[in-house]
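Engineer: Dropping a structure here in structure tokens format, bear with me for questions.
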Amino acid sequence: MKNNKIVGIKKMSCNLSCFCVLIVLLQIAKRFLPWLYNNLIGPNFIGPKVDVEKMGKWAVITGATEGIGKAYAKALAKKGLNVILISRSLEKLEKVKSEIAECSQVEVKLIDVDFTSGPEIYTKISTNIQNLEIGVLVNNVGMSYTYPDFFLNIQNEKFLRDIITCNINSVTHMCRLIMPQMIERKRGIVINISSMAAHVPNPLLCLYSGTKAFIDKFSDDLNTEYKGQGIIVQSVMPGYVVSNMTKIKRPTLMAPSADCYVASALRTLGISAHTTGYFPHALMKLAIDAIRALTCDSFLNSYVMKNLFAVRKRALRNAEKKAE
Ligand SMILES: NC(=O)c1ccc[n+]([C@@H]2O[C@H](COP(=O)([O-])OP(=O)(O)OC[C@H]3O[C@@H](n4cnc5c(N)ncnc54)[C@H](OP(=O)(O)O)[C@@H]3O)[C@@H](O)[C@H]2O)c1
């Protein structure tokens with residue numbers, strides 16, 4: 001009788017253990033399978049799930065003379081979209097226009113504005129895009145610190161204001177300018193370039209990562225508000241990409257060229273509304289999330305702080321050498 005009771009208890013605890021393991025496996029599958037689809041299977045074997053060229057005749061790209069913005073402009077032009085390039089320097093804009101003319105037959109319009117300026121720039125942009133059917137908006141323009149530093153060490157108040165104005169106001173106002181015509185036609189794509197910095201610890205660059213976190217959250221909620229009206233709002237969160245901003249000159253697997261990065265990010269359109277845009281960056285984000293889950297946040301924070309502090313030290317030393 002006693003033995004039967006013990007066997008019964010053993011059986012029950014075995015069943016309970018199996019049930020717990022099943023729940024854990026289901027939870028892992030629930031998270032991992034969408035990750036696998038969004039980052040590997042969807043973009044590489046299925047996507048992109050939308051035709052950008054069917055969204056409208058024109059694409060607008062902010063910060064289009066260098067890096068990621070220029071790569072989006074060239075890639076969208078290659079897909080047959082006419083492009084409106086927006087940056088500060090008309091000379092650099094003309095150069096990109098000639099580059100695009102070499103590889104595609106599309107129309108190219110140039111608008112020179114400084115996104116650190118006041119609201120008058122949006123009147124200029126609005127005048128220049130009147131009556132154009134815009135199907136794709138790439139909010140790419142962004143600026144960061146010249147080197148990582150403690151927030152209170154930054155003496156230039158205007159620089160701090162400029163980062164907020166350029167990174168946040170540009171996205172907000174460009175969406176308000178262009179989304180109404182997309183909604184009228186019930187189709188359109190808004191690609192907002194955030195950064196992995198919005199998601200991972202980024203001390204000594206806190207204002208930059210704060211603005212990028214704004215873009216990510218704003219995009220997520222904007223997407224939910226308007227996806228029922230045929231609009232896709234995608235938040236793209238790159239890790240390191242070769243560019244002037246990162247000062248990385250040679251492409252590697254973890255820091256691809258802007259062209260390679262954008263080709264990959266475009267394949268995620270319609271698949272993922274919230275993406276690193278590039279599989280190795282997705283793996284990196286997964287690894288960081290795993291470290292966060294397995295250790296305490298302070299471990300990762302102090303590791304990144306130590307690294308960025310070393311970058312700051314090197315930058316200050318180089319600046320001193322240059323000044324001598
Ligand atoms: N590269 C990366 O590793 C990385 C990683 C994560 C996120 N991002 C984000 O990706 C975006 C592009 O970065 P990137 O590395 O390609 O930058 P980049 O090479 O420095 O290019 C920046 C572009 O923006 C324009 N620009 C800069 N300030 C401007 C202003 N005040 N008004 C108008 N145009 C301005 C520049 O053109 P002009 O100088 O001709 O005006 C240039 O075309 C940024 O939002 C950045 O935060 C980049």
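The values are calculated or read from the model by the stated rules, or taken from the named source; none is laboratory data. Keep in mind that this is a model prediction, so the values were computed, not measured. Note that each Cβ is placed from the backbone with ideal geometry, even for glycine, and that neighbours are counted across all protein chains shown.
Engineer: Can you pull out the residues in the stretch 80-101 that are more than 10 Å from the ligand (Cβ to nearest atom) and either within 21 Å of the chain's Cα centre (by Cα) or part of a helix (DSSP H, G or I) (or both)?
Structural biologist: Once the filter is applied, which keeps residues that are more than 10 Å from the ligand (Cβ to nearest atom) and either within 21 Å of the chain's Cα centre (by Cα) or part of a helix (DSSP H, G or I) (or both), the stretch 80-101 yields Val83, Ile84, Glu94, Lys97, Ser98, Glu99, Ile100, Ala101.
Engineer: Can I ask one more? Checking Lys95 against (1) over 29 Å from Thr246 (Cα atoms); (2) surrounded by fewer than 16 Cβ atoms within 10 Å (Cβ to Cβ), which single condition isn't satisfied?
Structural biologist: For Lys95, the failing item is (1).
Engineer: Another question, then. If I filter the stretch 120-135 down to residues being part of a helix (DSSP H, G or I) and buried (at least 18 other Cβ atoms within 10 Å of the Cβ), which single residue comes out as nearest to the ligand (Cβ to nearest atom)?
Structural biologist: Ile121
Engineer: List pairs: first in the stretch 245-268 and in contact (Cβ under 8 Å) with a residue 60 or more places away in the chain, second aromatic (Phe, Trp, Tyr), Cβ under 6 Å, 6+ apart or cross-chain?
Structural biologist: Taking only residues 6 or more apart or on different chains, the pairs are Tyr261/Tyr278; Val262/Tyr72; Ser264/Tyr278.
Engineer: Give me the residue from the stretch 26-78 that is more than 16 Å from the ligand (Cβ to nearest atom) and of a type in the set (Asp, Glu) and, out of that set, nearest to Thr268 (Cα to Cα).
Structural biologist: Residue satisfying both the conditions and the ranking: Asp51.
Engineer: With the condition kept exactly as written, say whether any residue in the stretch 136-144 is assigned to a helix (DSSP H, G or I), at pLDDT 95 or above and either in contact with a Pro (Cβ under 8 Å, 6 or more places away or on another chain) or within 9 Å of the ligand (Cβ to nearest atom) (or both).
Structural biologist: No: the stretch 136-144 contains no residue that is assigned to a helix (DSSP H, G or I), at pLDDT 95 or above and either in contact with a Pro (Cβ under 8 Å, 6 or more places away or on another chain) or within 9 Å of the ligand (Cβ to nearest atom) (or both).
Engineer: Let me ask something else about it. What number of residues within the stretch 201-223 satisfy the criterion of being within 11 Å of the ligand (Cβ to nearest atom) and more than 13 Å from Thr172 (Cα to Cα)?
Structural biologist: 4
Engineer: Please go through the stretch 224-265 and give me each residue that is of a type outside the set (Ser, Thr, Tyr), within 22 Å of Thr211 (Cα to Cα) and more than 9 Å from the ligand (Cβ to nearest atom), ordered by number.
Structural biologist: Those that are of a type outside the set (Ser, Thr, Tyr), within 22 Å of Thr211 (Cα to Cα) and more than 9 Å from the ligand (Cβ to nearest atom): Glu225, Ile232, Val233, Gln234, Lys247, Val262, Ala265.
Engineer: Then there is this: Yes or no: Glu157 at pLDDT 95 or above, touching a Lys or Arg at 6+ places or on another chain (Cβ under 7 Å), over 21 Å from Ser89 (Cβ atoms) and more than 11 Å from the ligand (Cβ to nearest atom)?
Structural biologist: Answer is no for this residue.
Engineer: Out of (1) within 13 Å of the ligand (Cβ to nearest atom); (2) surrounded by fewer than 20 Cβ atoms within 10 Å (Cβ to Cβ); (3) in contact (Cβ under 8 Å) with a residue 12 or more places away in the chain; (4) of a type outside the set (D, E, K, R), the odd one out for Leu177 is which?
Structural biologist: (1)
Engineer: Restrict the check to the stretch 103-119 and report whether at least one residue is in a loop (DSSP other than H, G, I, E, B), acidic (Asp, Glu) and either exposed (fewer than 10 other Cβ atoms within 10 Å of the Cβ) or within 13 Å of the ligand (Cβ to nearest atom) (or both). Step through it out loud before you land on a result.
Structural biologist: Looking only at the stretch 103-119, we keep the residues that are in a loop (DSSP other than H, G, I, E, B), and these are 104-107, 113-119.
From the residues that got through so far, the ones that are acidic (Asp, Glu) too are 107, 114.
Among the residues that remain, those that are also either exposed (fewer than 10 other Cβ atoms within 10 Å of the Cβ) or within 13 Å of the ligand (Cβ to nearest atom) (or both) are: 114.
Checking the stretch 103-119: at least one residue is in a loop (DSSP other than H, G, I, E, B), acidic (Asp, Glu) and either exposed (fewer than 10 other Cβ atoms within 10 Å of the Cβ) or within 13 Å of the ligand (Cβ to nearest atom) (or both).
A quick yes/no check of all residues on (1) of a type in the set (A, V, I, L, M); (2) assigned to a strand (DSSP E or B):
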residue: Ser170; (1), (2): no, no
residue: Pro201; (1), (2): no, no
residue: Leu204; (1), (2): yes, no
residue: Asn223; (1), (2): no, no
residue: Lys227; (1), (2): no, no
residue: Val233; (1), (2): yes, yes
residue: Pro251; (1), (2): no, no
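Engineer: Within the stretch 39-76, which residues are in a helix (DSSP H, G or I) and either in contact with a Gly (Cβ under 6 Å, 6 or more places away or on another chain) or more than 17 Å from Ala263 (Cβ to Cβ) (or both)?
Structural biologist: Ile41, Glu53, Lys54, Gly69
Engineer: Also, quick follow-up: Scan the stretch 180-194 for residues that are at positive phi and either within 10 Å of the ligand (Cβ to nearest atom) or outside any strand (DSSP E or B) (or both) and jot them down. Explain how you work it out, then say what you get.
Structural biologist: Of all residues in the stretch 180-194, those at positive phi come to 186, 188.
Selection gives Lys186 alone.
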